[in-house]
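Single-structure report; data block below.
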Amino acid sequence: MKEILSSLFVGLLFGAGLGISGMMDPAKVQGFLDLTGRWDPSLALVMGGAMAVTWIAYPLIFKRARPVLAPKFFLPTNTQIDRPLVLGALLFGTGWAIGGLCPGPALANLATLNAGVLVFVPSMLAGFWLHRNVTEWQIRQRTGQGSAACVAEKEAFEAEQCLVD
Amino acid sequence: MVIENFTPLLSGSGGLLIGSAAALFMLWNGKIAGISGITKGIFAPCPTAQERFWRVAFVVGIMLGGLGTVLLAPDMTALSYSMSLPQMVLAGLLVGVGTAMGNGCTSGHGVCGLSRRSDRSLTSVLTFMGAGFVTMYVMTHLLNIARF
(Lines give C-alpha, C1' and ligand atoms only; values in the text may rest on other atoms or scores of the structure.)
Protein backbone atom coordinates (compact mmCIF):
# COMPACT_ATOMS: atom_id res chain seq x y z
CA MET A 1 0.00 0.00 0.00
CA LYS A 2 2.78 2.42 0.95
CA GLU A 3 4.51 1.56 -2.33
CA ILE A 4 1.38 2.55 -4.24
CA LEU A 5 0.90 5.83 -2.34
CA SER A 6 4.56 6.75 -2.85
CA SER A 7 4.16 6.03 -6.59
CA LEU A 8 1.13 8.32 -6.72
CA PHE A 9 3.01 11.08 -4.86
CA VAL A 10 6.13 10.77 -7.02
CA GLY A 11 4.00 10.77 -10.19
CA LEU A 12 2.25 13.93 -9.00
CA LEU A 13 5.57 15.64 -8.24
CA PHE A 14 6.92 14.53 -11.63
CA GLY A 15 3.81 15.80 -13.43
CA ALA A 16 3.98 19.15 -11.61
CA GLY A 17 7.65 19.40 -12.58
CA LEU A 18 6.79 18.75 -16.23
CA GLY A 19 4.17 21.51 -16.07
CA ILE A 20 6.34 24.13 -14.33
CA SER A 21 9.31 23.39 -16.58
CA GLY A 22 7.22 24.15 -19.69
CA MET A 23 7.69 20.65 -21.09
CA MET A 24 3.91 20.16 -21.44
CA ASP A 25 4.10 22.76 -24.22
CA PRO A 26 4.99 20.88 -27.45
CA ALA A 27 6.29 24.12 -28.97
CA LYS A 28 9.04 24.29 -26.34
CA VAL A 29 10.16 20.75 -27.14
CA GLN A 30 10.14 21.39 -30.88
CA GLY A 31 11.85 24.73 -30.20
CA PHE A 32 14.70 22.92 -28.44
CA LEU A 33 15.11 20.49 -31.34
CA ASP A 34 15.11 23.32 -33.91
CA LEU A 35 18.83 24.04 -33.45
CA THR A 36 19.28 25.93 -36.70
CA GLY A 37 16.05 27.94 -36.44
CA ARG A 38 14.50 29.87 -33.56
CA TRP A 39 16.16 27.90 -30.75
CA ASP A 40 14.65 27.53 -27.26
CA PRO A 41 17.33 26.07 -24.92
CA SER A 42 14.84 25.56 -22.01
CA LEU A 43 14.80 21.75 -22.29
CA ALA A 44 18.53 21.65 -21.51
CA LEU A 45 17.82 23.50 -18.26
CA VAL A 46 15.10 20.95 -17.37
CA MET A 47 17.51 18.06 -17.91
CA GLY A 48 20.24 19.96 -16.06
CA GLY A 49 17.98 20.81 -13.12
CA ALA A 50 16.72 17.22 -12.85
CA MET A 51 20.18 15.71 -13.13
CA ALA A 52 21.62 18.16 -10.61
CA VAL A 53 19.47 16.30 -8.07
CA THR A 54 19.74 12.69 -9.28
CA TRP A 55 23.46 12.82 -10.21
CA ILE A 56 24.26 13.56 -6.55
CA ALA A 57 21.37 11.68 -4.90
CA TYR A 58 21.66 8.33 -6.72
CA PRO A 59 25.16 7.37 -5.49
CA LEU A 60 24.14 8.31 -1.94
CA ILE A 61 20.94 6.24 -2.20
CA PHE A 62 22.85 3.24 -3.64
CA LYS A 63 24.98 3.18 -0.47
CA ARG A 64 21.88 1.90 1.35
CA ALA A 65 21.39 -1.87 1.60
CA ARG A 66 17.83 -1.52 0.30
CA PRO A 67 15.20 1.14 -0.51
CA VAL A 68 12.90 2.39 2.25
CA LEU A 69 9.73 0.62 1.02
CA ALA A 70 11.02 -2.26 -1.12
CA PRO A 71 13.18 -5.35 -0.48
CA LYS A 72 15.79 -4.41 -3.11
CA PHE A 73 16.74 -2.00 -5.88
CA PHE A 74 15.28 -2.89 -9.30
CA LEU A 75 17.92 -1.87 -11.83
CA PRO A 76 18.45 -2.84 -15.48
CA THR A 77 20.90 -5.71 -15.90
CA ASN A 78 21.56 -5.34 -19.64
CA THR A 79 24.80 -3.42 -20.32
CA GLN A 80 25.15 -4.22 -24.03
CA ILE A 81 25.03 -1.38 -26.54
CA ASP A 82 22.92 -3.39 -28.99
CA ARG A 83 20.93 -2.77 -32.13
CA PRO A 84 17.48 -2.49 -30.46
CA LEU A 85 18.84 0.23 -28.14
CA VAL A 86 20.11 2.39 -31.01
CA LEU A 87 17.29 1.68 -33.49
CA GLY A 88 14.70 2.28 -30.75
CA ALA A 89 16.30 5.63 -29.80
CA LEU A 90 16.36 6.66 -33.50
CA LEU A 91 12.62 5.93 -33.87
CA PHE A 92 11.80 7.61 -30.55
CA GLY A 93 13.78 10.78 -31.40
CA THR A 94 12.02 11.01 -34.76
CA GLY A 95 8.56 10.70 -33.20
CA TRP A 96 9.52 13.12 -30.41
CA ALA A 97 10.30 15.83 -32.96
CA ILE A 98 7.23 15.14 -35.13
CA GLY A 99 4.77 15.35 -32.21
CA GLY A 100 6.66 17.55 -29.74
CA LEU A 101 5.76 15.02 -27.03
CA CYS A 102 7.59 12.30 -25.14
CA PRO A 103 5.69 9.85 -22.90
CA GLY A 104 5.60 11.95 -19.67
CA PRO A 105 4.30 15.22 -21.15
CA ALA A 106 1.87 13.24 -23.34
CA LEU A 107 0.26 11.62 -20.26
CA ALA A 108 0.27 14.93 -18.35
CA ASN A 109 -1.45 16.60 -21.31
CA LEU A 110 -4.37 14.13 -21.32
CA ALA A 111 -6.14 16.59 -18.98
CA THR A 112 -6.27 19.13 -21.82
CA LEU A 113 -8.53 16.75 -23.81
CA ASN A 114 -6.69 18.11 -26.86
CA ALA A 115 -7.50 15.95 -29.91
CA GLY A 116 -3.84 15.68 -30.92
CA VAL A 117 -2.88 14.37 -27.46
CA LEU A 118 -5.92 12.08 -27.39
CA VAL A 119 -4.73 10.34 -30.56
CA PHE A 120 -1.02 10.43 -29.61
CA VAL A 121 -1.38 8.46 -26.35
CA PRO A 122 -3.36 5.49 -27.79
CA SER A 123 -0.94 5.42 -30.75
CA MET A 124 1.95 5.22 -28.28
CA LEU A 125 0.23 2.34 -26.44
CA ALA A 126 -0.34 0.65 -29.81
CA GLY A 127 3.40 1.06 -30.42
CA PHE A 128 4.17 -0.73 -27.12
CA TRP A 129 1.76 -3.53 -28.12
CA LEU A 130 3.23 -3.81 -31.61
CA HIS A 131 6.78 -4.06 -30.29
CA ARG A 132 5.87 -6.77 -27.78
CA ASN A 133 3.94 -8.89 -30.27
CA VAL A 134 6.52 -8.61 -33.05
CA THR A 135 9.31 -9.52 -30.59
CA GLU A 136 7.38 -12.55 -29.30
CA TRP A 137 6.61 -13.62 -32.88
CA GLN A 138 10.34 -13.39 -33.72
CA ILE A 139 11.17 -15.53 -30.66
CA ARG A 140 8.62 -18.18 -31.78
CA GLN A 141 10.02 -18.19 -35.32
CA ARG A 142 13.59 -18.59 -34.08
CA THR A 143 13.05 -21.24 -31.42
CA GLY A 144 9.91 -23.10 -32.51
CA GLN A 145 6.50 -22.57 -30.91
CA GLY A 146 6.12 -24.31 -27.54
CA SER A 147 9.75 -25.45 -27.36
CA ALA A 148 11.60 -25.13 -24.06
CA ALA A 149 13.89 -22.52 -25.63
CA CYS A 150 10.86 -20.51 -26.76
CA VAL A 151 9.26 -20.56 -23.31
CA ALA A 152 12.54 -19.62 -21.62
CA GLU A 153 13.28 -16.77 -24.01
CA LYS A 154 9.75 -15.38 -23.78
CA GLU A 155 9.92 -15.45 -19.99
CA ALA A 156 13.27 -13.66 -20.05
CA PHE A 157 11.86 -11.04 -22.43
CA GLU A 158 8.78 -10.45 -20.29
CA ALA A 159 10.81 -10.22 -17.08
CA GLU A 160 13.07 -7.63 -18.70
CA GLN A 161 10.07 -5.68 -19.98
CA CYS A 162 8.77 -5.37 -16.43
CA LEU A 163 12.10 -4.47 -14.89
CA VAL A 164 13.91 -1.87 -16.91
CA ASP A 165 13.48 1.87 -17.56
CA MET B 1 20.75 30.66 -34.58
CA VAL B 2 18.24 32.90 -32.80
CA ILE B 3 17.36 32.19 -29.18
CA GLU B 4 13.66 32.53 -28.46
CA ASN B 5 11.12 31.84 -25.67
CA PHE B 6 13.91 30.81 -23.26
CA THR B 7 12.53 30.26 -19.73
CA PRO B 8 15.61 29.36 -17.63
CA LEU B 9 14.14 29.95 -14.16
CA LEU B 10 10.86 28.07 -14.63
CA SER B 11 12.50 25.28 -16.62
CA GLY B 12 15.35 24.92 -14.14
CA SER B 13 13.00 24.77 -11.14
CA GLY B 14 10.66 22.34 -12.91
CA GLY B 15 13.75 20.25 -13.60
CA LEU B 16 14.66 20.26 -9.89
CA LEU B 17 11.14 18.95 -9.11
CA ILE B 18 11.49 16.19 -11.72
CA GLY B 19 14.89 15.26 -10.32
CA SER B 20 13.54 15.20 -6.76
CA ALA B 21 10.69 12.95 -7.88
CA ALA B 22 13.15 10.55 -9.55
CA ALA B 23 15.44 10.55 -6.48
CA LEU B 24 12.54 9.89 -4.08
CA PHE B 25 11.31 7.04 -6.27
CA MET B 26 14.73 5.37 -6.08
CA LEU B 27 15.02 6.01 -2.33
CA TRP B 28 11.51 4.76 -1.50
CA ASN B 29 10.61 2.18 -4.16
CA GLY B 30 14.07 1.32 -5.49
CA LYS B 31 12.93 1.94 -9.05
CA ILE B 32 13.87 4.05 -12.03
CA ALA B 33 11.31 6.77 -12.78
CA GLY B 34 11.08 5.90 -16.47
CA ILE B 35 7.69 6.90 -17.81
CA SER B 36 7.68 4.77 -20.96
CA GLY B 37 8.65 1.63 -19.04
CA ILE B 38 6.19 2.30 -16.21
CA THR B 39 3.34 2.84 -18.68
CA LYS B 40 4.33 -0.11 -20.87
CA GLY B 41 4.32 -2.40 -17.82
CA ILE B 42 0.64 -1.66 -17.13
CA PHE B 43 -0.23 -3.52 -20.33
CA ALA B 44 2.69 -5.98 -20.49
CA PRO B 45 2.11 -9.37 -18.87
CA CYS B 46 3.80 -8.42 -15.59
CA PRO B 47 3.43 -11.11 -12.95
CA THR B 48 1.43 -9.61 -10.09
CA ALA B 49 -1.48 -7.25 -9.59
CA GLN B 50 0.68 -5.30 -7.14
CA GLU B 51 3.10 -4.68 -10.01
CA ARG B 52 0.26 -3.17 -12.02
CA PHE B 53 -1.17 -1.04 -9.18
CA TRP B 54 1.91 1.07 -8.50
CA ARG B 55 2.32 1.72 -12.22
CA VAL B 56 -1.27 2.90 -12.54
CA ALA B 57 -0.80 5.07 -9.42
CA PHE B 58 2.31 6.68 -10.92
CA VAL B 59 0.54 7.44 -14.21
CA VAL B 60 -2.52 8.82 -12.37
CA GLY B 61 -0.11 11.05 -10.41
CA ILE B 62 1.40 12.43 -13.62
CA MET B 63 -2.08 13.04 -15.03
CA LEU B 64 -3.10 14.91 -11.85
CA GLY B 65 0.07 17.01 -12.03
CA GLY B 66 -0.87 17.75 -15.64
CA LEU B 67 -4.44 18.62 -14.63
CA GLY B 68 -3.08 21.09 -12.06
CA THR B 69 -0.99 22.75 -14.77
CA VAL B 70 -3.97 22.91 -17.13
CA LEU B 71 -6.04 24.64 -14.40
CA LEU B 72 -3.34 27.06 -13.16
CA ALA B 73 -1.32 27.78 -16.30
CA PRO B 74 -3.22 26.58 -19.40
CA ASP B 75 -0.83 28.48 -21.69
CA MET B 76 1.99 26.17 -20.60
CA THR B 77 0.18 23.07 -21.93
CA ALA B 78 -1.08 21.72 -25.26
CA LEU B 79 -4.63 22.95 -24.40
CA SER B 80 -5.14 25.41 -27.25
CA TYR B 81 -3.11 23.55 -29.88
CA SER B 82 -4.61 22.48 -33.16
CA MET B 83 -2.54 19.53 -34.32
CA SER B 84 -2.66 17.43 -37.47
CA LEU B 85 -4.11 14.11 -36.32
CA PRO B 86 -2.23 11.89 -38.83
CA GLN B 87 0.98 13.64 -37.72
CA MET B 88 0.20 12.86 -34.04
CA VAL B 89 -0.70 9.22 -34.82
CA LEU B 90 2.64 8.78 -36.60
CA ALA B 91 4.47 10.52 -33.74
CA GLY B 92 2.74 8.37 -31.10
CA LEU B 93 3.49 5.11 -32.94
CA LEU B 94 7.17 6.05 -33.36
CA VAL B 95 7.48 7.08 -29.70
CA GLY B 96 5.74 3.87 -28.56
CA VAL B 97 7.71 1.42 -30.71
CA GLY B 98 10.96 3.37 -30.22
CA THR B 99 10.83 3.62 -26.41
CA ALA B 100 9.72 -0.03 -26.09
CA MET B 101 12.52 -1.26 -28.38
CA GLY B 102 15.15 1.05 -26.88
CA ASN B 103 13.96 0.47 -23.29
CA GLY B 104 13.45 4.04 -22.24
CA CYS B 105 12.74 7.66 -22.99
CA THR B 106 13.75 11.12 -21.78
CA SER B 107 13.12 10.17 -18.16
CA GLY B 108 14.40 6.58 -17.88
CA HIS B 109 17.46 6.99 -20.09
CA GLY B 110 17.77 10.78 -19.82
CA VAL B 111 17.39 11.82 -16.20
CA CYS B 112 17.78 8.44 -14.45
CA GLY B 113 20.13 6.52 -16.76
CA LEU B 114 22.66 9.30 -17.19
CA SER B 115 22.69 9.78 -13.40
CA ARG B 116 23.45 6.06 -12.99
CA ARG B 117 26.42 6.65 -15.35
CA SER B 118 24.92 4.03 -17.72
CA ASP B 119 26.67 3.70 -21.11
CA ARG B 120 23.45 2.36 -22.63
CA SER B 121 21.56 5.46 -21.51
CA LEU B 122 24.26 7.83 -22.78
CA THR B 123 24.10 6.07 -26.16
CA SER B 124 20.30 6.34 -26.14
CA VAL B 125 20.22 10.05 -25.23
CA LEU B 126 22.81 11.04 -27.85
CA THR B 127 20.92 8.97 -30.45
CA PHE B 128 17.38 10.22 -29.76
CA MET B 129 18.53 13.85 -29.42
CA GLY B 130 20.45 13.51 -32.70
CA ALA B 131 17.43 11.97 -34.41
CA GLY B 132 15.26 14.77 -32.99
CA PHE B 133 17.57 17.53 -34.29
CA VAL B 134 17.78 15.94 -37.76
CA THR B 135 14.02 15.28 -37.96
CA MET B 136 13.24 18.88 -36.93
CA TYR B 137 15.68 20.19 -39.54
CA VAL B 138 14.12 18.05 -42.26
CA MET B 139 10.57 19.03 -41.21
CA THR B 140 11.06 22.78 -41.00
CA HIS B 141 13.77 23.45 -43.58
CA LEU B 142 13.24 20.78 -46.25
CA LEU B 143 9.55 19.77 -46.03
CA ASN B 144 8.24 23.16 -44.85
CA ILE B 145 6.10 21.59 -42.11
CA ALA B 146 5.50 24.39 -39.59
CA ARG B 147 6.47 24.01 -35.93
CA PHE B 148 3.69 24.20 -33.32
Item checked: Residue within the range A:6-19 that is hydroxyl-bearing (Ser, Thr, Tyr), touching a Phe, Trp or Tyr at 6+ places or on another chain (Cβ under 7 Å) and open to solvent by less than 50 Å² (accessible area, probe 1.4 Å) present -> yes
Next item on the list: Among what's in the range B:30-64 and is free of Cβ contacts under 8 Å to residues at least 60 places away in the same chain and among the small types (Gly, Ala, Ser), pick the residue that is surrounded by the fewest Cβ atoms within 10 Å (Cβ to Cβ).
Entry: B:Ala49
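Give B:Arg52, B:Arg120 a once-over and let me know the one that is at pLDDT 95 or above and within 25 Å of A:His131 (Cα to Cα). Before you say what the answer is, go through the steps one by one.
Details: B:Arg52 fails: at pLDDT 95 or above.
B:Arg120 is the lone residue from the list that is at pLDDT 95 or above and within 25 Å of A:His131 (Cα to Cα).
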Item checked: Lone unmet requirement of (1) at pLDDT 95 or above; (2) crowded, with 24+ Cβ neighbours inside 10 Å for B:Val138 -> (2)
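Can you name every residue in the range A:53-90 that is in a helix (DSSP H, G or I) and farther than 15 Å from B:His109 by Cα? Before the answer, list the steps.
Of the range A:53-90, the ones in a helix (DSSP H, G or I) are A:53-61, A:83-90.
If the condition is that a residue be in a helix (DSSP H, G or I) and farther than 15 Å from B:His109 by Cα, then A:Val53, A:Ile56, A:Ala57, A:Pro59, A:Leu60, A:Ile61, A:Arg83 are the ones that fit.
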Check: In the range B:48-69, what residues are within 7 Å of chain A (Cβ to nearest Cβ) and either among the aromatic types (Phe, Trp, Tyr) or more than 29 Å from A:Asp25 (Cα to Cα) (or both)?
Finding: B:Glu51, B:Phe53, B:Trp54, B:Phe58
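Working carefully through the options A:Ala97, A:Ala89, find the one that is touching a helix residue (DSSP H, G or I) at 6+ places or on another chain (Cβ under 7 Å) and touching a residue at least 12 places away in the same chain (Cβ under 8 Å). Reasoning before the result, please.
Values: A:Ala89 fails: touching a residue at least 12 places away in the same chain (Cβ under 8 Å).
Checking each option against the conditions leaves just A:Ala97.
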Checklist line | Complete set of residues in the range A:38-73 that are facing another protein chain (nearest Cβ under 7 Å) and among the aromatic types (Phe, Trp, Tyr) | finding: A:Trp39, A:Trp55, A:Tyr58, A:Phe73
Next item on the list: Please tell me if B:Val95 is more than 7 Å from chain A (Cβ to nearest Cβ) and either of a type outside the set (Asp, Glu) or surrounded by fewer than 24 Cβ atoms within 10 Å (Cβ to Cβ) (or both).
Entry: no
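Taking the range B:115-128, which residues are out of contact with any His (no Cβ under 9 Å at 6 or more places or on another chain), within 7 Å of chain A (Cβ to nearest Cβ), part of a helix (DSSP H, G or I) and open to solvent by 30 Å² or more (accessible area, probe 1.4 Å)?
To start, the set of residues in the range B:115-128 that are out of contact with any His (no Cβ under 9 Å at 6 or more places or on another chain) comprises B:115-117, B:119, B:126-127.
Going one step further and asking which of them are within 7 Å of chain A (Cβ to nearest Cβ), we end up with B:115-116, B:119, B:127.
With part of a helix (DSSP H, G or I) added as a condition, the list becomes B:115, B:119, B:127.
Hit for the range B:115-128 is B:Asp119, nothing else.
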Notebook entry, point to check: Got a sec? Which of A:Lys63, A:Lys72, A:Lys2 is over 25 Å from B:Gly12 (Cβ atoms), open to solvent by 10 Å² or more (accessible area, probe 1.4 Å), of a type in the set (D, E, K, R) and in contact (Cβ under 8 Å) with a residue 40 or more places away in the chain?
Noted result: A:Lys2
Notebook entry, point to check: What number of residues in the range A:1-22 are more than 7 Å from chain B (Cβ to nearest Cβ) and not in a helix (DSSP H, G or I)?
Noted result: 1
Next item on the list: State the number of residues belonging to the range A:24-37 that are more than 7 Å from every other protein chain (Cβ to nearest Cβ) and open to solvent by less than 10 Å² (accessible area, probe 1.4 Å).
Entry: 1
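The values are calculated or read from the model by the stated rules, or taken from the named source; none is laboratory data. Being a predicted model, the structure only gives us computed values, none of them experimental. All Cβ positions, glycine included, derive from the backbone under ideal geometry; neighbour counts span all protein chains shown. Quick note on the areas: whole protein, heavy atoms, side chains included, nothing else; ligands and nucleic acids left out. Shrake-Rupley method; radii C 1.70, N 1.55, O 1.52, S 1.80 Å.
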